[in-house]
Structure formats: structure tokens, C-alpha cells
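Here, each number is a calculation from the coordinates, and none is a lab measurement. Owing to the predicted nature of the structure, the values given are computational and were not obtained by experimental measurement. We place every Cβ from the backbone using ideal geometry, glycine too, and count neighbours over all the protein chains shown.
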Amino acid sequence: MPHSVSASKRVRQNATHRERNRTIKSRLRTAKRAFLKAVEAKDLEGARQHLRKCQQLLHRAANNGPVHRNLAARQVSRMQARLTALEKAPSATA
């Protein structure tokens, strides 16, 4: 139990921030799963749309704090590499 008013406020703020961060990270994981599923299905247009959504969510999360900016940049880079590989695959055009 917090002993001071400021400590109690910190406890309340931490609870709010923790819940918000959990929600943001959950959305990120869901979006990433959808992107990977589109890549596995060789759905080029779907993968592009999901990549755009993932980039948007990752950069927003990096700006607001739940995710480090280097982690966001690394994940976007890896997803972009997967999309590029899918585009260059010979079966993607067929």
C-alpha cells in the first residue's frame, strides 16, 4: 500500500499505463499474425495492406513508449524483407 498521496497517484497511473500498453502490444501481435498469414498464403495484396497497418501500429507504439523505436524499425524491416521476397517469388505472379 502506498503511504503518500503522490505514491497512490503513481499506482493509479501505472495501472492505467499498464492496461494501455497491454492493449497496444496485443494489437501489434494480432496485426503481425495477419501479415504472416497473408505471406504464407502468398496473398500479395493482402500482405501489402497488413504490412501498412503493422507499420502504422509499430511506429505509433514506438512514439508513445510501449515499444522501443529500434524494435519497431527492426520488425518493420523484417516484414518488408518478407514482402519483397514474396514479390520476387516466381509463383507470386501466377
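Residue exposure proxy: K88, K32, ordered by other Cβ atoms within 10 angstrom of their Cβ from fewest to most, comes out as K88, K32.
Extension gain, N64 to D43: 0.36 nm times the residue separation minus the Cα-Cα distance gives 4.4 nm. Annotation: lysines with alpha-carbon distance below 28 angstrom to K42 (same-chain offsets under eight excluded): K25, K32, K53, K88.
How large is the charge dipole for the chain, taken about the Cα centre, if only the Cβ atoms of Lys, Arg (+1) and Asp, Glu (-1) carry charge, to the nearest 20 debye? Numbers along the way, then the final one.
On the way: 22 positive and 5 negative charges, 83 e Å.
Computed about the Cα centre, the dipole is about 400 debye.
A dipole drawn for the chain from +1 and -1 charges on Cβ atoms has a positive end, and of L86, A61, A31 the residue lying farthest that way is A61. Between N70, A47, A7, the Cα set farthest toward the positive side of the dipole of the chain (charges on each charged residue's Cβ, about the Cα centre) is that of A7.
Using helices alone, what [θ] at 222 nm do you get for the chain, with -39,500 (n - 2.57) per DSSP H run of 4 or more residues, divided over all residues and rounded to the nearest 500? Don't skip to the end; give the middle numbers.
Working: 4 runs with 81 residues, N = 94.
My calculation for the chain gives -29500 deg cm²/dmol from helical runs alone.
Please work out which option in (1) 1.19; (2) 1.21; (3) 1.29 gives Rg/Rh (Cα atoms, Kirkwood Rh) calculated from these coordinates, and answer with its label. Computed from the coordinates, Rg/Rh (Cα atoms, Kirkwood Rh) corresponds to (2).
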